[in-house]
Amino acid sequence: MKNPYLPLPMKLVKNFTETEDKLIHTFTLQYLSEEDEKSFSYMPGQFAEVCVFGKGEAPFGIASSPTEPGFLKFSVAKVGVVSTALHLMEEGTIVGVRGPLGNYYPVEEFKGKNVVIIGGGFAFTTLRSLATYMLHPDRRGDYGDITVIYGARNPGLLLYKEELAAWEKSPDINLITTIDRAVDGWTGRVGFIPAVTEEVAPSSDNAYAIICGPPVMIKFTMPVLEKLGFPPERIIMSLENRMKCGIGMCGRCNVGGKYVCKDGPVFTRAQLNELPNEY
Amino acid sequence: MIVSKKEIPSFLDKLISDYQVFAPVQKGSYTLFKQICSGTDAVLDGGITKLPVKEIFFPQSEKLFSYNVTNEGAKLEAPVDDRKKVVFGVRPCDARSLTLLDNVFNNDKYQDPYYLTRRNNTILVGIGCNSPASTCFCTSVNGGPFDTKGLDLLLVDTGDAYVVEPVSDKGKELAEKAGFAAASDADKAAAAKVKEEAVVSCRVNTDGLKAKLDVNFYDPIWDRIHEKCLGCGACTYLCPTCHCFDIVDDAVDCNGCRVRNWDSCAFPLFTLHGSGHNPRSTNKERYRNRIMHKFKYFVDNFNEIACVGCGRCIKNCPVNMDIRVVLEDIRGSEARLDS
Amino acid sequence: MRMQKLAAQIKDAAKKLLEEKKVDLVVGFAEGSLPLRGTPLFARTPEEADKLTWNRGCENNLANYLRKREGKVAVVAKGCDVRSIVALVKENQINRDNLYIIGVPCSGMIDRKKVNQLVGGKDVLEIEDNGDTVVIKGKDFSETARVADLLHNSCQDCRYGNPVVYDELIGELLPEKGEDDFAEIKEFEAKTAAERRAYLAEEFSKCIRCYACRNACPMCYCEECFVDCSTPQWIGKSAADIQDNILFQAVRVFHSAGRCADCGACERACPMGINLRLLTRKLVKDVKELFNAEAGVNMEDKAALATFTADDPEPFLVKE
Ligand SMILES: Cc1cc2nc3c(=O)[nH]c(=O)nc-3n(C[C@H](O)[C@H](O)[C@H](O)COP(=O)(O)OP(=O)(O)OC[C@H]3O[C@@H](n4cnc5c(N)ncnc54)[C@H](O)[C@@H]3O)c2cc1C
Ligand code: SF4
Ligand code: SF4
Ligand code: SF4
Ligand code: SF4
Ligand code: FES
């Protein structure tokens, strides 16, 4: 019987301060052996319980893509015990990773479809994984147009600047970045995600929309997507309920009868419409 | 088969040499399941134990693994308890609760090795309930005072002796090895009579309850029904089917253990997000979750009600929040409590 | 019968308050689901108030439901409830102007644990209250016992069965009782440290950390209890650690020193039957001896540990 509580020890090789306010760090973790790497096969949208030995564990979306071998990436906001301990951690330290956990974005269903990715703030983590996955040269041909609308309060709070710069130039992806208020030197758009989405007006024909971000952003973008004609079955969201076990046993992450950890975190709007609003 | 009550201590003593034997023992004014060192410690006529039998398989506090971490790697040790056990004197409701918990700890995707290894290595010897308490309502939730679900052996108390009824092969083997005498027709008749006379007088009508819960999540009834509840953990910790837990580290620097502790959906911190948002922010949502989980979500997921009618929550709630009354209120009619 | 009469009077008073719209809510007791068990009731209409009752099982401290309430509220309060209310008013948790106290003189509530002990754990189906005695009835038994022997320990020790403050009194005031001698506390103090430690370890080995004690206590209302705090984590969360269980209770009772009205709600709530009043009353006794103060016995006294005077005794600063 595989013990789902045992973490895989991994080495923290990079502790990178991702945002200007220093509240988000991106951690690159390296497998200790090839076997370990083989044992951890994941898909975009899955998460893992990352543990700081002596402090505890917490769930974080996997920001790296399975197409990037050798390491895992997590972008973590400093909010409490585990996240703070991670932020303070020196490179070279051993941490634990338990997973991959949960379901993933339905990339099989996306085949032959246009994909619109909408992200706000630091909830862009698994969206980075998804975009990177679909943009991989072996896979790019499987999908139609890929549009990414990504916003943050100001430019300094956008994650993954390197990737954004590359996507900006790439013909394979249509990247729209936006910030809340104009600042000098900013060449992207200015405005909140719902308004920008309405401006960009991605077509819902043969398309899926994937949306992650703070609750207010979701709340106001949803009507825009509906107006654009995205049916609830083709609007995809990822939930972030509080979790502990990640395997459907500890009882805390349920939304109705569904456990976000085991049955999610990825749900379609249609599925969520059937569930109580406890998220 | 039959065994006289006088022989039970020596029977248990023999078991103790081959198994870890658990039985109800007296602790002040109530009984609890404890590992016994002597057959005479078992208290078999004390009604149901204060804490449910789940604590043997899913202890309140359990070390998942210990670790020793350096910059080179981590040494993890996960001692999974695979000692052979006999739990003696389980009541049918408690035994049934384990079959419900099996769904959780052996779900469609994951297996919990701690719980399942203990389950697989344990023989459950039950004792039927000759005189069910006024707070028992097992027969309303698919159980009964002589229900054998989850048991390996069932003992029927016929006064001076127990008539032994094998339920599973494991149980049969244990009984045969013990060399119990064959039950006479008179013994069997006595056992049948005991069963017939054991009446669970309290009925909770669950007809239509699930249908109500399917649609009443936003019903104003939830605004009031929880009002007196204190939001403590008494009912969940004492409930044989509640399985929520927390996972914490108990360590000095990088050497320590990861431990899981019982937790409760009644506590606000249970669901508090890292962001500060709480999807079940008030006691109303939390109490609703307790009821929904037992009588709707569990039914949706596993086709069983997650309540075995043991009455522990009824007897131990500090404010007399009676689940029977709550369910009746939800069904929209007066409670029918025979007492 | 005294109890029935009181129940009828409470009902009338509550209905009148609701009918005249003097209050929006009456917090009292309804008949519970177990023998001789009252259960908290929240009545918002005269019809709902019809369910109000009074018996020897109205043991909960209703002050617990009164903190930070909106609107006008009336409460059916016995002596200990009123003391807690007074203490909470002083801590600005209850606005006295919005609270209407229906005071009920109380001669004590019956402890079901004692009843169970008396009948050897047999299933009790009915308890008939005959004033000074009760008849405890089960399937094949019926036993008569003196009420005085079955009262909660807190009720036996209580000197304030008569509400110290009220807007309306139900029934008549009861005769005053003599001073509390804290006999069991003195006895415990006389033990050696090792004996005391051993006793506490045995008691708290039973604790399951369900926090019913804390949640039932009207004075335990911290937004974030120190046991729940994660940054820093003051105390381990596993019930397996008896020292942590003791620490939890020790800190809890220190937090309520000078505020605890010795209502016994914590001990009654504890499903594991832990002798919690041993700790709470130690503090009650100390506060009384050191500051000559008791929590919630009048509206005037300042809370003992929230004030300072030049002649404060500070024995903890004196090296013995
Ligand atoms: C599927 C999933 C994916 C996620 N992905 C990411 C991600 O990619 N990046 C990311 O940064 N986050 C992510 N999260 C959120 C992340 O899991 C939480 O921020 C994380 O659990 C915080 O853990 P912690 O130990 O640092 O905080 P904790 O110490 O658990 O505290 C978290 C917060 O809760 C509050 N809190 C904790 N304990 C108490 C208490 N006793 N009383 C009051 N308040 C308390 C604190 O104030 C703090 O703000 C994800 C969550 C889920 C479920
Ligand atoms: S129902 Fe009773 S035991 Fe359960 S949480 Fe509420 S007060 Fe506690
Ligand atoms: S809900 Fe109450 S009666 Fe039902 S199994 Fe749990 S403790 Fe027993
Ligand atoms: S500590 Fe116990 S006795 Fe004291 S006020 Fe709180 S509940 Fe009452
Ligand atoms: S009520 Fe009793 S068992 Fe529960 S935490 Fe308090 S002392 Fe422990
Ligand atoms: S995190 Fe434990 S059930 Fe989902």
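Placing pseudo-labels 7 Å out from each Cα toward the beta carbon at residue C:233 and residue A:41 gives an inter-label distance of 3.6 nm.
A P(r) calculated from all alpha carbon pairs of the range C:53-100, with 10 Å bins opening at zero, reads 27, 57, 16, 0 percent. Here is the list for the range B:47-94: GluC sites (Glu not before Pro) lying in DSSP coil, each with at most 14 other C-beta atoms within 10 angstrom of its C-beta, are B:72.
The residue B:178 and residue A:273 beta-carbon pair, evaluated with R₀ = 51 Å, returns a calculated FRET efficiency of approximately 0.30. The tail of the calculated P(r) for the range B:2-197, taken as Cα-Cα distances beyond 23 Å, holds 46 percent of the pairs. For the range B:231-301, the fraction of alpha-carbon pairs lying more than 14 Å apart is 66 percent, rounded to a whole number.
Over chain B, the pair-distance histogram of Cα-Cα distances with 10 Å bins from zero comes to 5, 23, 31, 24, 13, 4, 1, 0 percent, rounded to whole numbers.
Under a 5 Å amide H cut-off, with hydrogens placed 1.01 Å from N, residue A:97 pairs with A:8, A:10, A:51 among residues at least 5 apart or on other chains.
Modelled this way, with points 7 Å down the Cα-to-C-beta line, the labels at residue A:219 and residue B:5 are 6.5 nm from one another. Selection among C:100, C:170, A:232 by position relative to the dipole of the protein assembly as shown gives C:170 as farthest towards the positive end (Cβ unit charges, Cα centre).
When the alpha carbon gyration tensor of the range C:47-141 is reduced to an equivalent ellipsoid, its three semi-axes come out at 33, 14, 11 angstrom, largest first. Of the chymotrypsin sites (Phe, Trp or Tyr not before Pro) found in the range A:117-201, those in coil by DSSP whose Cβ has at most 15 other Cβ atoms within 10 Å are A:186. Among the listed pairs B:50/C:139; C:78/C:285; B:294/C:114; A:78/C:237; B:294/C:78; A:2/B:149, those with a Cα-Cα distance over 25 Å are B:294/C:114; B:294/C:78; A:2/B:149.
For peptide C:205-214, the mean count of partner chain Cβ atoms within 10 Å of a residue's Cβ comes to 6. The Cα trace of the range B:209-331 gives Rg and Dmax of 15.9, 53 Å, the first to one decimal, the second as a whole number.
Basic side chains Lys and Arg get +1 at the Cβ, acidic Asp and Glu get -1 at the Cβ, and with that the dipole of the protein assembly as shown about its Cα centre reaches some 600 debye. Neighbour counts of other Cβ atoms within 10 Å put A:89, C:109 in the fewest-to-most order A:89, C:109. Taking a straight line from the alpha carbon of residue B:177, these lysines sit under 16 Å away, with near neighbours fewer than eight places off in the same chain left out: B:14, B:84, B:85.
Binning at 5 angstrom from zero up to the longest distance, how are the C-alpha pair distances of the range C:62-199 distributed in percent? Once binned at 5 Å, the Cα pair distances of the range C:62-199 give 2, 9, 14, 14, 13, 14, 14, 11, 6, 2, 0. Dividing the C-alpha radius of gyration of the range A:140-245 by 2.2 N^0.38 Å, with N its residue count, gives 1.13. The residues A:136, B:226, when put in order of fewest to most other Cβ atoms within 10 Å, stand as A:136, B:226.
The Rg/Rh ratio for the range A:8-101, using Cα coordinates for both the radius of gyration and the Kirkwood hydrodynamic radius, is 0.93. Semi-axes of the equivalent ellipsoid of chain C are 32, 26, 19 Å, computed as sqrt(5λ) over the eigenvalues of the C-alpha gyration tensor in descending order. Across chain A, the convex hull enclosing all Cα atoms gives 132 Å³ per residue. The mean number of Cβ atoms from other chains found within 10 Å of a Cβ in peptide B:280-291 is 1, as a whole number. Could you tell me whether the range A:43-155 comes out rounded, prolate or oblate from its Cα gyration tensor? Rule is a ≥ b ≥ c as square roots of the eigenvalues, rounded for a/c under 1.5, then prolate if a/b exceeds b/c, otherwise oblate. Cα axes put the range A:43-155 in the prolate bin. If you sort the three axes of the alpha carbon gyration tensor as a ≥ b ≥ c, you get a/c of 1.5 or more for the range C:130-232 and a/b above b/c, which makes it prolate.
Taking the protein assembly as shown, how much of its Cα-Cα pair set, in percent, is spaced more than 39 angstrom apart? The answer is 51 percent, as a whole percent. Database note for chain C: Cys without another Cys beta carbon under 4.7 angstrom, C:58, C:106, C:155, C:158, C:207, C:210, C:222, C:225, C:229, C:260, C:270.
Values quoted throughout were computed directly from the atomic coordinates according to the rules given, and no laboratory measurement underlies them. Not measured: the values here are computed from a predicted model. Cβ atoms come from the backbone with ideal geometry, glycine included; neighbour counts cover every protein chain shown.
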